[in-house]
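What follows is a set of notes on a single structure, which appears directly below.
We did not get these values from a lab; they are worked out from the coordinates using the rules stated. Since this is a predicted model, take the numbers as computed values, not measurements. Backbone-built Cβ (ideal geometry, glycine too); neighbour counts: all protein chains shown.
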Amino acid sequence: MIQLFDLSKRYGPHTALNHIHLKIGKGEFVFVTGPSGAGKTTLLRMIFGAEKPATGHILINAINLNRISRSNLDLLRRKIGFVFQDFKLLSNKTVFENVAIALEVTGLPSKSVKKKTHQTLRLVGLAEREKAYPLSLSGGEQQRVAIARAIVNDPLILLADEPTGNLDPDLTLDIMTLFRNIHQHGTTVVIATHSRQLLAGADCRIIVLHQGNISGDTW
Amino acid sequence: MRGLRFYFFRQALLNIKRNITVHVLSIGTIVASLLILGAFLLLFGNLNNWLRQWGSALSMSVYLKDGISAYKRDKIDSLLRGLPGTRTIRYISKDDAMNELKGALGDEAGFLKELRPNPLPASYEVIFEDRQAVTVDPEKISRQLESLDGVEEVQHSTQWLTRIEGFLDVVRLVGYIIGALLCLCVVFIVTNTIKLTIHLRRKEIEILKLVGATDWFVKLPFMLEGMIEGLAGGGAAILALFLTYLALSAKEIYLIGPAPLNFVFLPTAYVALILLLSTMLGVVGSLIAIGRFFDVS
């Protein structure tokens, strides 16, 4: 599903990723962890095609992102959901519109957009709040809107960057249950986090990054 | 695909609604620019019409010397009546000429009372059949008449026609230059408005790209926004021009001859052309803005 070969990225003097090799199989549930500045966000952004590597190759479903055209990258992104640390919600659009946007870009008929968006909002427990605006929601609710937008078009891969960074322990548990449910439907889930609470007792693969290198890869 | 078309229009209209002040100001400026262009076309079109109408009927004024004898006048009269293709030949005595002038001046004719003796000459007004129907050489006839004893001066409409046609050529050239500058002005206005809306919506653009929107999916509403802005500006300019025309056409305008000028509105083709032009300028303006200020990487 995801293959990284000799991947490097530098920001000025700082090495974000240092010649890393990594394979994540279809349907895996993976945590990427490490201290701040270890390269977690950079890794996720590269898998998403939002950053270009200095060296190396990224293959998503055997498609090399170095050689992909811009229009094909747009199409590929429809199959990769991304939950951003800062949610990236549009404050002038309702919860419903924020989620529906991911379907509208695919050209789906508006009837189907409505149906699928309602379904997804029910799944994340926000059916009652679909007409609310993001700024009137709690942090946990905003996070669930961001997750709903990332999963609304049934992505093959779900990437989440510190999805519980701003949440209290109870909400963290809710969000993790949501990710587990999505994973059970066959989606490959990659979560970048430095939360010890999240990793404690995790029965899944954990990749540890340190100064741009993979320092641990455990099951 | 149908749903997607509605989506683009809905987005474009929503964008306009969200930044209504910017768009209203922008459309207002477009209206002002196109109004100048439209007014020019209206005036130029009517001038051309009047000229064509006037030029199609050859007319001639034969001014007589004061104190001309009845014999000499009869001789001139019979020569005029012998000319081919004449429609009407009318003798205007000195008194008739003064009365006509008084009638034309209306309330402002008071000062004419002071003019004694009457300085206006007696004349013959000769109107020929349409120029297409007769082949007369006005220059030749003028020379012939001027050689007669008792004729002071002969003026014919083609002399004026040539002068006005020369003037219209200059007006046309000035019109092209002004028109081109105004078109550039409209493009500049639209470019800047769309640039501003792109800036205001940069977060939305970023998110659209992150969820897999193609470049054109993101760009098209901006293009439609420019198109709607241009069309609205063109439509409002036509409306304003039409209202001005209604106000003007209610008055009788005398410029040449005793009959009021027939003031007509722009032909439908011109109206369509202005609307098409304004729409196209809107599209060009937004394309320039998209090309220069759109970073969707």
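Go through B:279-289, B:116-126 and give me the packing order, highest mean Cβ count within 10 Å leading.
Values: B:279-289: 23.4, B:116-126: 16.3.
Averaged packing, sorted descending, gives the order B:279-289, B:116-126.
What do you get for Rg/Rh of the protein assembly as shown when both radii come from the Cα atoms and Rh is the Kirkwood radius? Write down the numbers at each step before the final one.
Details: Rg = 40.0 Å, Rh = 29.9 Å.
Rounded to two decimals, Rg/Rh equals 1.34.
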(message) What would the Debye equation give as log₁₀ I(q)/I(0) for chain A at q = 0.16 Å⁻¹, counting only Cα atoms as equal point scatterers?
(response) -1.11
(message) Sort B:193-201, A:198-206 by the packing proxy (mean of other Cβ within 10 Å over each peptide's residues), most packed first.
(response) B:193-201, A:198-206
(message) For a bin width of 10 Å, list the pair-distance distribution of segment A:1-68 built from all Cα-Cα distances, rounded to whole %.
(response) 21, 57, 21, 1
(request) Evaluate segment B:155-297: find the radius of gyration of its Cα atoms, find its Kirkwood radius, and give the ratio Rg to Rh. (result) 1.20
(message) Just want the answer: with Cβ charges of +1 for Lys and Arg and -1 for Asp and Glu, which residue in A:ALA38, A:GLY49, A:SER110 is farthest toward the dipole's positive end in segment A:31-131?
(response) A:SER110
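Averaged over all directions, how much area does the convex hull of the C-alpha atoms of segment A:1-126 cover when projected, in nm²?
Details: hull surface 38.4 nm².
Its average projected convex-hull area is 9.6 nm².
Can you tell me the order of A:129-140, B:222-233 when each peptide is scored by its average per-residue count of other Cβ atoms within 10 angstrom, highest first? Intermediate results must be reported in sequence, preceding the final value.
On the way: A:129-140: 14.8, B:222-233: 24.7.
Those peptides, ordered most packed to least, come out B:222-233, A:129-140.
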(message) Counting each pair of different Cα atoms once, what's the Kirkwood radius of segment B:20-114 in Å, rounded to one decimal?
(response) 18.8
(message) Test of understanding: in a Gaussian network model of chain A with alpha carbons linked when under 10 Å, which of A:LYS52, A:LYS115, A:LYS79 would top the mean-square fluctuation ranking?
(response) A:LYS115
(request) Please report the relative contact order for chain B, taking Cα pairs under 8 Å with a sequence separation of at least 6, and give it as a percent rounded to a whole number. (result) 30
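Quick one: work out Rg over Rh on the C-alpha atoms of segment B:82-170, Rh as Kirkwood radius. Can you show the working numbers first?
Numbers: Rg = 16.2 Å, Rh = 15.6 Å.
Radius of gyration relative to Kirkwood radius: 1.04.
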(message) When a/c reaches 1.5 or more, the comparison of a/b and b/c decides; with that in mind, is segment B:114-155 rounded, prolate or oblate per its Cα gyration tensor?
(response) oblate
(message) Would you calculate the convex hull of the Cα atoms in segment A:47-106 and tell me its volume per residue in Å³?
(response) 108
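Can you tell me the dipole magnitude for chain A around its Cα centre, using point charges on the Cβ only (Lys, Arg +1; Asp, Glu -1), in Debye to the nearest 20? Display every interim value, and only then the final one.
On the way: 26 positive and 18 negative charges, 147 e Å.
Dipole about the Cα centre, nearest 20: 700 debye.
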(request) Considering the options B:LEU148, B:LEU210, A:ALA127, tell which one lies farthest towards the positive end of the dipole of the protein assembly as shown, charges being +1 on Lys and Arg and -1 on Asp and Glu at the Cβ, about the Cα centre. (result) A:ALA127
(request) Could you go through segment A:52-57 in sequence order and give the Karplus-derived ³J(HN,Hα) for each residue, using 6.51 cos²θ - 1.76 cosθ + 1.60 with θ = phi - 60°, rounded to whole Hz, and x for Gly and Pro? (result) 9, x, 6, 9, x, 10
(request) Select from B:PHE111, A:LEU171, A:SER69 the residue farthest towards the positive end of the dipole of the protein assembly as shown; place +1 on Cβ of Lys and Arg, -1 on Cβ of Asp and Glu, and compute about the Cα centre. (result) A:LEU171
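How many Cβ atoms of partner chains, on average, are near each residue of B:211-222 if near means within 10 Å of its Cβ?
Details: counts 17, 14, 8, 9, 3, 2, 5, 2, 0, 0, 0, 0.
That average works out to 5.
Could you work out the relative contact order of segment B:73-157? I mean the mean sequence separation of Cα pairs under 8 Å and 6+ apart, divided by the number of residues, in percent. Write down the numbers at each step before the final one.
Working: 68 pairs, mean separation 30.8, N = 85.
36 percent.
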(request) Return the average number of partner chain Cβ atoms within 10 angstrom of each residue Cβ along peptide A:108-114. (result) 2
(request) Determine the dipole magnitude for segment A:24-106: charges of +1 sit on the beta-carbon of Lys and Arg, -1 on that of Asp and Glu, nothing else is charged, the reference point is the Cα centre, and the result goes in debye to the nearest 20. (result) 220
(request) Evaluate the charge dipole of the protein assembly as shown about its Cα centre and quote only its size in Debye, nearest 20, assuming +1 on the Cβ of each Lys and Arg and -1 on the Cβ of each Asp and Glu. (result) 2060
(message) Past 24 Å, Cα to Cα: identify those pairs from A:LYS93/B:LYS209; A:LYS79/B:LYS209; B:LYS72/B:LYS102, in the order given.
(response) B:LYS72/B:LYS102
(message) Give me a comma-separated list of calculated 3J(HN,Hα) values for segment A:143-153, in order, Karplus coefficients 6.51, -1.76, 1.60 applied at θ = phi - 60°, integers in Hz, x for any Gly or Pro.
(response) 4, 5, 5, 4, 5, 4, 5, 6, 10, 4, 9
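Mind checking B:199-210 for the average number of partner chain beta-carbons within 10 Å of each residue's beta-carbon?
Details: counts 0, 0, 2, 0, 5, 4, 0, 1, 10, 6, 5, 12.
Counting Cβ atoms of other protein chains within 10 Å of each residue's Cβ and averaging gives 4.
Could you give the C-alpha radius of gyration of segment B:37-78 expressed as a fraction of 2.2 N^0.38 Å, taking N as the number of residues it contains?
2.11
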(request) Determine the sum of side-chain charges near A:ALA50: Lys and Arg each +1, Asp and Glu each -1, restricted to other residues whose C-beta is under 13 angstrom from that of A:ALA50. (result) +3
(request) Extending each Cα 7 Å along its Cβ direction at B:GLU108 and B:ARG52, get the distance between those two points in nm, one decimal. (result) 3.1
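From the C-alpha gyration tensor of segment A:88-153, pull out the three semi-axes of the equivalent ellipsoid (sqrt of 5λ each), sorted largest to smallest, in whole Å. Can you show the working numbers first?
Values: eigenvalues 64, 27, 20 Å².
Calculated on Cα positions only, the semi-axes equal 18, 12, 10 Å.
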(request) Would you mind listing how long chain B runs along its three principal axes, going by Cα atoms, in whole Å with the largest first? (result) 100, 43, 29
(message) Pick from B:TRP50, B:TRP216, B:TRP160 the residue whose mean-square fluctuation is largest in a GNM of chain B, springs joining Cα atoms under 10 Å.
(response) B:TRP216
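At a threshold of 8 angstrom on Cα-Cα distance, excluding pairs fewer than six apart, so keeping six or more, what relative contact order does chain A reach in percent?
Working: 398 pairs, mean separation 66.0, N = 219.
Reported as a whole number, the value is 30 percent.
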